[in-house]
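We did not get these values from a lab; they are worked out from the coordinates using the rules stated. It should be emphasised that the depicted structure is a prediction, and the values quoted were computed from it without experimental measurement. No Cβ is skipped: glycine too gets one built from the backbone with ideal geometry, and neighbour counts run over all protein chains shown.
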Amino acid sequence: MAGIKDVAKTAGVSVSTVSYVLSGKRPISSKTTDKVLKAIEELGYIPDASAQKMRGQLNHIIAISEPMHEGMNQMQYSAYFMQSAWQARSAGYDVLLLTGPDAVADIERVTHSNLVDGVLLLDVEERDARVAAAARYRKPCVAIGLPKSHKDCACIDIDFAKMGRRSADRLFALGHRQVALLRAQEIDYERHAGYVLLFREEFLARADEIGLDVFESGPVDNATFDARRFVSDMLSRNPRPTALVSQSGVSILNLTVTALMAAGLKIPEDISVLSCGTFLRDEPMRRPVSEEPFEPERLCAIAMGSLISSIEKRQSIAGEVTLIDPKFIDRGSLASAPRNVGSGDGGFSVSASFGGRQADLAQADSAQADVETSASESIASASQSRNLEGEPMD
């Protein structure tokens, strides 16, 4: 393979001249530049990424930082990566996925070597070290998420704070006054996943403002969650919750829905169910559940478009924030609150034979209706307020 010395010899110039042509550090005459470029073409010489970048050329590679961690939702992880890669590919860029635990070091390695043109951050936490270090990358950086501090990084996300408030308002408008909140996995709270904290904080605050009494589940973990106990605790309250808001993933939600059905409650006649900040699309649900979901396709399209525009126009987007209005998918699990609800009303009880593990779900399935896997996804909005549709905030 030809090297820089071969190019210099063929062009009849010094190695330093070839380097200056590639880097643009010093002005070189057009005649000499043409000779060097002709020699490069004849020899098939491929300059390293750093040299190309010094001349202002692009490598058309985007770094996607999405560290792997314990308890991660594989469906969400895959959806965001695949949508990001697809959007990049559509714009003529390849992607480099960074998954290591030392995420900042990984990003600095590929940005300081000029291997990539920009950085997209996924799975962003409330106080994200990658976002805090964005100024050090010297490349455009966009995060899908809204951490506390983001002055050197553009941020794009669903307005989870509005989602929390709107969910409380939606249930209140349907007449619900007692509501249960099924938390996300505890590991998401422990690592301070931004969207989980934002939704819960705003939902509880708005519930307090308007007079919703919220019964919150204890810590949730896929391996130990006891759906039977959770539902039993709900039914023991007086008056009992008439609606359930879930931040949990499909496995926990399926267990809970099955426990509600095993207790004799009908959805939505006896209890309404709303899933928020989740991604239930194409998942095998015990019963279709209305949802305010993640939107990987929409978020990744906006984020990648902003990042590539910044790269190609050489315009800074540091500190810009774009929040998009939450989407509501009506799958028929919400209804007006039933009247005269008290403790154990209607003779509801949870079968002692129903357990709280996924194996128990399979057992309960044999005695319950077949799993419904298809549902209408008609979009409705109960909110009269308007929010940004992918536009930067002032």
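Worth pointing out:
- Selection of GluC sites (Glu not before Pro), the stretch 68-134, meeting DSSP coil and at most 14 other Cβ within 10 Å: GLU70
- Dipole check for the stretch 111-213: with +1 at the C-beta of Lys and Arg, -1 at the C-beta of Asp and Glu, and the Cα centre as origin, the magnitude is about 260 Debye.
- Between the beta carbons of LEU43 and ARG314, assuming R0 = 35 Å, the FRET efficiency works out to 0.70 to the nearest 0.05.
- Legend: calculated FRET efficiency, SER16 to THR224, from the Cβ-Cβ distance at R0 = 45 Å, rounded to 0.05, equals 0.10.
- Straight-line reach from LYS5: taking Cα to Cα under 29 Å and skipping same-chain neighbours fewer than 8 places apart, the lysines in range are LYS25, LYS31, LYS35, LYS38, LYS53.
- Ordering of 247-253, 332-338, 212-218, 314-320 by burial proxy (mean other Cβ atoms within 10 Å per residue, highest first): 247-253, 332-338, 212-218, 314-320
- ³J(HN,Hα), Karplus 6.51/-1.76/1.60, whole Hz, each residue of the stretch 155-170, x for Gly, Pro: 10, 9, 6, 6, 7, 5, 5, 5, 4, x, 5, 5, 5, 5, 5, 4
- Hits among lysines - C-alpha to C-alpha of LYS327 under 17 Å, sequence gap 8 or more where chains match: LYS162
- Estimated FRET transfer efficiency (GLU269, ALA129; beta-carbon r; R0 45 Å; 0.05): 0.40
- Rounded to the nearest 20 debye, the dipole size of the stretch 198-285 about its Cα centre is 260 debye, using +1 on the Cβ of Lys and Arg and -1 on the Cβ of Asp and Glu.
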